[in-house]
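The values are calculated or read from the model by the stated rules, or taken from the named source; none is laboratory data. Just so it is clear, the model here is predicted, and its values are computed rather than measured. Methodologically, a virtual Cβ is constructed for each residue, glycine included, from the backbone with ideal geometry; neighbour enumeration extends over all protein chains shown. Ligands, DNA and RNA are excluded from the accessible area calculation, which covers all protein heavy atoms including side chains. Shrake-Rupley method; radii C 1.70, N 1.55, O 1.52, S 1.80 Å.
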Amino acid sequence: MKFIYSFQSEWLKKRRSLAAWLVVIGAFFTPTIILLVRLKNYQALPKLNSAEDFWIKLWFTNWESMTILLLPMGIILAVALITQIEYKNNSWKQLHTTPQGFSVIFFAKFTVILVMLIELFGLFNLGIYLSAVLPSLILSDIPFPTAPIPFSQFFTGNLNFFIECLPILALQYLISLQFKNFLVPIGFGFAIWALGIGMTSWEYSFALPYNQAVMDFLRNSGNLKREISVNLPLLAFIYFAIITFASYILYLTKREKG
Amino acid sequence: MYCIETINLNYQFSENEKVLNNINLQVSEGSIYGFLGPNGAGKTTTLKLILGLLKKQKGEIMIFGQTFLKNRIEILSNIGSMIETPSIYSHLTARENLQVLQKVYRCSKDRIAEVLELVGLANTGNKKAGNFSLGMKQRLAIAIALLHSPKLLILDEPTNGLDPNGILEIRELLKKLAHLQGITILISSHLLSEIEKLVTHIGIINYGNLLFQGTLPDLINKQKLSSFIQFSTSDNQKALEIFEKNNISILSINEKISIQILDKSKIARINEQLVLNRIDVYEIQTVKSDLEQIFFDVIKD
């Protein structure tokens, strides 16, 4: 019960914050661009919408920029912004003098970020759907997509990308809790992300903690010429568990808590 | 039983930087304890240790008669605090700030309106706390500290940066709280004049050492002891012989002779003797140290 109240309190803090807006903007950014492109090329839509693989193609088009750029960048920014709420307002000391265990505080805040990520995935999927059907609602002569939505494939894909994002989230949380300066987690995250993107051609680039989602996308979209024999979601989950544990210990043992 | 008791509390940030040295703070229940010291004396470090914001190194901290570390959550549920600058979520309104804490303390929602009324912020509506004046932010921070009806209030320099009117407002509010609700208050400041009209007890800290601890009357007594009488005469040497003949302690001699405090009749008799011995008495003056001077004397020693 204590955790629920703590979570509710943390959830309230992000009201009207930049982090809250980032989820909405990040989720609808790519689908909006795709929607505008589809509306611009409306003559091609009847043919595209009647294709058997319509949804799969749309899915990969949407996820391309998401896995490579928007998702890692969004997570890096959102995690830093959530922890900055406390730093910016000098409120760590207030939070740490409330009658809550340090573990509750740590995991309540962490859960808020996780729920925000789920929210982002939900809205992004809604965005994908809207980018598919809105042209047919706006323009009368455009038929709705005829192929059935491959729900099971989308669900698995979402779940895998979600798990593959968790190491980014955990490591950014660790760094953001340790450094007051907003630029440290942002700079660190950007550097690791750039390193990962720059090394995608390397045989073992899947092992870099920020690269699982990108490699998974490249593999599944047929853009990777080599085989990856590793279970990427499992590898990501192992990273996530180790980094979260390290983050928790570092937070607990921090000498000054405010 | 003390509300707060620290036993030989020591703290150092590094091996060569000792911040607290055997601090034995004793805050009685129901008291308003003024914790005084210049900037960097160790006040905030002591308060942070009491609240568990710093990891204790050496010594004991007892709050409500319980060891802090073993009963942290229970103890904190009865403490309201404000350390250094107010901790306020600037993107939220006053009410929303309190809602954030109300969830954690699980107190009644009605308390939000009560404490906002108490600190005079009931009509701030949708104004974000970031747009509040410093005085309003301080009052909101006090409202946050009071939300769960704590037994103990720990305030670190709550009047810092406020104008005289703001200082007066906060002082009156704290007085009201102490008298009406019987809350024990530990308040730190670097200016005695700011809190002398508020506190019942005083602790003076400097360079990490607790130099004085007692009631306000104890400090006033110290003030009396440090008062003296000055004589300005035409012949100080001859005057000294007369003072010694009358067993009067001489405190210092320069252009004027400073002696211990005497009652009025004795001053008159001494003056009479000086005049009879053809010594002109130009001035007799009682020099009283004010409390602020005592504070500076204590931290100077």
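Residues A:TYR248, B:TYR33, A:TYR204, ordered by accessible area of protein heavy atoms at a 1.4 angstrom probe radius and largest first, appear as A:TYR204, A:TYR248, B:TYR33.
Could you tell me which residue out of A:ASN211, A:ASN49, A:THR98 lies farthest along the dipole of chain A toward its positive end? Charges go on the beta carbon: Lys and Arg +1, Asp and Glu -1, centred on the Cα centre. It is A:THR98, whose Cα lies furthest towards the positive end. Extending 7 Å from Cα along the Cβ direction at A:ILE197 and again at B:LYS70 yields two label points whose distance is 5.6 nm.
Spacing of the modelled spin labels on B:LEU225 and B:ALA122, each 7 Å from Cα toward Cβ, amounts to 4.9 nm. Note on chain B: GNM, Cα springs under 10 Å; of B:SER265, B:SER133, B:SER232, the largest mean-square fluctuation is that of B:SER265.
Counting only lysines at least 8 places from B:LYS222 when in the same chain, those with an alpha carbon closer than 19 Å to its own are B:LYS197, B:LYS288, B:LYS300. Rolling a 1.4 Å probe over the protein heavy atoms of segment A:2-252, with every protein chain left in place, gives an accessible area that is 72 percent carbon and sulfur. The dipole here belongs to segment B:1-95: it is taken about the Cα centre, uses +1 on the Cβ of Lys and Arg and -1 on the Cβ of Asp and Glu, and is about 200 debye.
Ignoring any ligand, DNA or RNA, what whole percent of the accessible area of segment B:240-301 comes from carbon and sulfur when the probe is 1.4 angstrom? On segment B:240-301, the fraction of accessible area on carbon and sulfur atoms equals 46 percent. Comparing Cα centroids, segment B:101-160 and segment A:22-63 end up 49 angstrom apart. The modelled label-to-label distance between A:VAL115 and B:SER90, using points 7 Å beyond Cα along the C-beta direction, is 2.6 nm. Excluding same-chain residues fewer than 8 positions from B:LYS266, which lysines have a Cα within less than 16 Å of its Cα? Partners within reach: B:LYS245.
Per residue, the convex hull spanned by the Cα atoms of chain A measures out at 144 cubic angstrom.
From largest to smallest, the equivalent ellipsoid semi-axes obtained for segment B:151-301 from the alpha-carbon gyration tensor read 43, 15, 14 Å. Restricting attention to the protein assembly as shown, close to 65% of DSSP beta bridges with both partner residues there are antiparallel. Heavy atoms of chains A and B lose about 3100 Å² of accessible surface on contact, summed over both sides with a 1.4 Å probe.
Accessible-area rank, largest first, for B:LYS18, B:LYS266: B:LYS18, B:LYS266, with all protein chains present and a 1.4 angstrom probe. At a threshold of 40 Å², the residues of segment A:67-99 that become less accessible to a 1.4 Å probe in the full protein assembly than in their chain on its own are A:ASN89, A:LYS93, A:GLN94, A:THR97, A:THR98, A:PRO99.
Among the listed pairs B:LYS175/B:LYS264; A:LYS109/B:LYS58; B:LYS137/B:LYS176; B:LYS43/B:LYS70, those whose Cα-Cα separation exceeds 30 Å are B:LYS175/B:LYS264; A:LYS109/B:LYS58.
Could you tell me what % of all Cα pairs in the protein assembly as shown have separations over 36 Å? The share of Cα pairs beyond 36 Å in the protein assembly as shown comes to 53 percent.
In chain B, a dipole from Cβ-located charges (positive for Lys and Arg, negative for Asp and Glu) runs towards its positive end, and of B:TYR2, B:ILE242, B:SER252 it is B:TYR2 whose Cα lies farthest in that direction. For the protein assembly as shown, the solvent-accessible area with a 1.4 angstrom probe is 47 square angstrom per residue. Helix A:151-178 and the longest principal axis of the C-alpha atoms of chain A enclose an angle of approximately 30°. Cross-link partners for B:LYS109 among the aspartates and glutamates, with Cα-Cα distance under 19 Å and sequence neighbours closer than 8 places in the same chain left out: A:GLU10, B:GLU96, B:GLU117. Global dimensions of segment A:123-174 from alpha-carbon coordinates: Rg and Dmax equal 16.0, 52 Å. Highest average first, the peptides B:124-131, A:20-27 ordered by how many other beta carbon atoms sit within 10 Å of their residues are A:20-27, B:124-131.
When the charge dipole of chain B is built from unit charges on Cβ atoms (+1 for Lys and Arg, -1 for Asp and Glu) and taken about the Cα centre, the candidate among B:THR46, B:GLN285, B:PHE295 whose Cα reaches farthest toward its positive end is B:THR46. Please calculate the 1.4 Å probe accessible area of A:LEU114, with all protein chains present, and give it to the nearest 10 Å². Accessible surface of A:LEU114 is approximately 40 Å².
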